[in-house]
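Contents: one structure, followed by commentary.
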Amino acid sequence: MCGIYGYVGSNNPVKKAIEGLKKLEYRGYDSAGIAGVKDGKILSCKEVGKVSRLEEEIEKSHLSLDVAISHTRWATHGEPSQINAHPHFDDKKSLAVVHNGIIENYQGLKDELKKKGVEFLSDTDTEVVAHLISHFYKGDLVQAVKETVQLLKGAFALAIVHKDHPDSIVAVAHESPMVIGIGNEEAFIASDPNSFAPHTRKVVFLSNSEIALVKKDKLEVFSSDMERLEKKQEELKVGVYDSSKGQFEHYTLKEIFEQPQTIRNALSGKINEELGTAVFTGLQQELPRLGSVSRILILACGTSWHAGYVASYLFEEFSRIPVQVEISSEFRYKNPILNENALVIAISQSGETADTLAAVRELKAKGAKVLALCNVQGSSLARESDYTIFLNAGPEVGVCSTKAFTSQLTILSLLALLLARMRHLSRDEGVRFLNHLNKLPDLVKSILEEREIIRGIAKKYSSFDNFFFLGRQYMYPTALEGALKLKEISYINANGYPAGEMKHGPIALINPDCPTVALTTNKKTYAKMLSNIMEVKARKGPVIAIASKDEKDVDRIADDVIFIPETIDSLSPILATIATQLLAYYIAYERGESIDQPRNLAKSVTVE
Ligand code: M6R
């Protein structure tokens, strides 16, 4: 899972490529590289590390190109190294290839090529593509790419430049995103259209092994069997957002602090106070079907899966609809039983998570209609789903997801309300729920204002290497999310657990060096949570409680308490999460970790 960016035109291709690549770093940042054509030769530069390292090298070498393809990598096959960094070349260095995805049958292809005497330099699956194209090339690059693509299995987006074609990029996409931006006497190719949005909003998406021949003033697209296609040109809808860090040291902190506004954005235009219900303009024609939904299936990964898990409690409690929440990567090993009254909800901040896309494709093949919750306009999930509700949270740059989670929860709460109001929930109950939802932005703000208290607690616990996060009911998935945040950005081993499950084994790990973050804000489970805290304390485990301001007993039992404002149980995940986000952030900060781009991770996981 990587980012691809390319430029054809006369406006400094190298500079354009670096500028675009920086916007794709969320897709991986192990290494970066660029290649292109100059004076009939392929020239290149590759570096281990972030795009800024590549930029420094390019400045030193004064690299200049007439056409450029570039790449930022998240390693799959082969460690992050200069040799494994993209682009990859054929042995004559007549062409260069960048790739996002995985060529699943690369080993067999590599063995065949080796038998023919081809020497491989890297451990990557991508290098076979470069050698195959070179093998098939007889002067027509598109034809050579077509013959190569027919041999590949897996998911791939590829961009290729050839020394004999200084005015062209050939791009292909199969189950990995690739979009072409059409400018004025210039063209772009990228894994994500937002990377070239400042230059053009006119886009053409590739899929199903389509092959594009991209020139500055001409675009030709062919099907995988070389039939010429009339592709629809679309207009990209991208909001204008401040993409700087502003006054904040990290994007992650900036995004945590944006949450009063992003929650407001999620609520905006979706509330009918009068009727005590929610309104989703894009779902109007689905309303009759929503009224008869008898089961909900939620698909997601990581933080988005946690949001889905919280929502399963919401839908069951409010809408009285049974919910199945599945981790997308596991879902595909089941043979899903769907009935026509099932509502499928796919949740993904990026809309590019390969596991979630694969699960959605499987369900669509079975005839399901899919409702997506997504933050990125033009993303694969948004394009492939039947309906999309956008989070409108603005770009989330920090690899650890923060504001997207609370926006997902806000929208899922509204959806649960809508489904409940279409069933048994009274208008008054709906109005009360909306009142609580409307108060959230201010309540979030008040937690952020007390950040120094959380920072102090984070300092105290920053040297511990093992944590538990415990909760019951709504606070169980919230505990999972809190633990994930800490793991991701501070590299601390943190386990999220249902508090009641501790006594069935994990409590063996409790000792004075293993703090527990106890999420006690659900009133329904408060007493039981206090008992669980006592059990941890009896084994000399330090306890940090995240508690509602009205919960006084907890202060006497826990070592430290982060008090947060009171709300109803079903909305408390949003408030408790703000506290766990700040706790994780400040612990990672104390430990001096790379918060916005933690090791081994990428923002968008585009491989299965
Ligand atoms: O873009 P998505 O919401 O589909 O991403 C899913 C996960 O990869 C993502 O939530 C990941 O777990 C984050 N790094 C969590 O902070």
Sequence order, segment 441-453: Karplus ³J(HN,Hα) from phi using 6.51 cos²θ - 1.76 cosθ + 1.60, θ = phi - 60°, Hz rounded, Gly and Pro as x, gives x, 5, 5, 4, 4, 5, 5, 4, 5, 9, 4, 5, 5
Everything considered on the Cα gyration tensor (a ≥ b ≥ c; rounded for a/c under 1.5, else prolate if a/b is larger than b/c, else oblate), segment 1-139 must be described as oblate
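Considering only Cα-Cα distances, which of the following residue pairs are longer than 21 Å: Lys23/Lys270; Lys270/Lys439; Lys15/Lys232; Lys110/Lys153?
Working: Lys23/Lys270 31 Å; Lys270/Lys439 15 Å; Lys15/Lys232 29 Å; Lys110/Lys153 13 Å.
Beyond 21 Å: Lys23/Lys270; Lys15/Lys232.
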Whole-Å distance linking the alpha carbon centroid of segment 399-413 with that of segment 586-603 is 20
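Please say if segment 18-97 is rounded, prolate or oblate, where rounded means a/c under 1.5 for a ≥ b ≥ c the square roots of the C-alpha gyration tensor eigenvalues, and otherwise the choice is prolate for a/b larger than b/c and oblate otherwise?
Values: a/c = 1.86, a/b = 1.27, b/c = 1.46.
Note, shape of segment 18-97 comes out oblate.
Among the listed pairs Lys46/Lys254; Lys334/Lys366; Lys523/Lys549; Lys487/Lys524; Lys41/Lys116; Lys245/Lys460, which have their C-alpha atoms separated by more than 22 angstrom in this model?
As for pairs spanning more than 22 Å Cα to Cα, those are Lys46/Lys254; Lys487/Lys524; Lys41/Lys116; Lys245/Lys460.
Output the peptides 348-354, 104-110 sorted from most to least packed, where packing is the average of other Cβ atoms within 10 Å over each peptide's residues.
Descending mean neighbour count gives 348-354, 104-110.
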With x for Gly and Pro, the residue-by-residue ³J(HN,Hα) of segment 408-419, computed from phi through the Karplus equation 6.51 cos²θ - 1.76 cosθ + 1.60 at θ = phi - 60° and given in whole Hz, is 4, 5, 4, 5, 5, 5, 5, 5, 4, 4, 4, 5
Normalised per residue, the volume inside the convex hull of the alpha-carbon atoms of segment 419-492 in Å³ amounts to 125
For segment 3-235 the mean separation of alpha carbon contacts under 8 Å (6+ apart) over residue count, i.e. relative contact order in percent, is 20
Quick note, segment 386-446: a/c under 1.5 would make it rounded; otherwise a/b > b/c is prolate and the rest oblate (a ≥ b ≥ c, C-alpha gyration tensor); here it is oblate
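Mind checking the per residue accessible area of the chain for me, 1.4 Å probe, whole number of Å²?
Values: 23440 Å² over 608 residues.
Averaged over the residues of the chain, the accessible area is 39 Å².
With the contact rule set at Cα under 8 Å and sequence spacing of 6 or more, what percent relative contact order holds for the chain? Mind showing how you got there, number by number?
Working: 1399 pairs, mean separation 73.4, N = 608.
After rounding, I find 12 percent.
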Expected vector for segment 180-192, Karplus 3J(HN,Hα) from phi with 6.51, -1.76, 1.60 and θ = phi - 60°, integer Hz, x for Gly and Pro, equals 10, x, 9, x, 8, 6, 7, 9, 10, 10, 6, 6, 9
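Between Asp555 and Glu286, 0.36 nm times their residue separation minus their Cα-Cα distance comes to what? Mind showing how you got there, number by number?
Numbers: separation 269, 0.36 × 269 = 96.84 nm, distance 4.82 nm.
Result for the pair: 92.0 nm of gain on full extension.
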Ser10 and Arg599 label points (each 7 Å along its Cα→Cβ direction) are spaced in nm at 4.8
DSSP beta bridges in the chain: the antiparallel percent, rounded to 5, is 65
In whole percent, the fraction of accessible protein surface over segment 216-293 that belongs to carbon or sulfur atoms, probe radius 1.4 Å, stands at 48
Hydrodynamic calc, segment 247-445: Kirkwood Rh from Cα pairs, then Stokes-Einstein at 25 °C with viscosity 0.890 mPa s, so D in µm² s⁻¹ is 145
Descending packing, highest mean Cβ count within 10 Å first, for 576-582, 227-233, 149-155, 356-362 is 576-582, 356-362, 149-155, 227-233
Using alpha carbon centers only, segment 187-223 is separated from segment 471-533 by a whole-angstrom value of 47
Computed curve, the chain, Cα-only Debye sum without solvent term, log₁₀ I(q)/I(0) at 0.06, 0.11 Å⁻¹, is -0.34, -1.04
Taking a straight Cα-to-Cα line shorter than 14 Å from Lys237, and setting aside same-chain aspartates and glutamates fewer than 8 residues away, one finds Asp192
Counting only protein heavy atoms and leaving out ligands, DNA and RNA, the solvent-accessible surface of Tyr491 at a 1.4 Å probe, in Å² to the nearest 10, equals 60
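How big is the Rg/Rh ratio for segment 450-608, C-alpha atoms only, Rh by Kirkwood, two decimals?
Values: Rg = 14.8 Å, Rh = 15.5 Å.
Rounded to two decimals, Rg/Rh equals 0.96.
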log10 I(q)/I(0) for segment 72-134, Debye formula on C-alpha points only (no solvent), q = 0.16, 0.20, 0.30 Å⁻¹, two decimals, reads -0.45, -0.71, -1.52
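The values are calculated or read from the model by the stated rules, or taken from the named source; none is laboratory data. Every value quoted in this text rests on a predicted model; they were computed, and no experiment measured them. When we count neighbours, we look across all protein chains shown, and the Cβ atoms used for this are built from the backbone with ideal geometry, even at glycine. We work out accessible area using only protein heavy atoms, side chains counted, and drop any ligands, DNA or RNA first. Shrake-Rupley method; radii C 1.70, N 1.55, O 1.52, S 1.80 Å.
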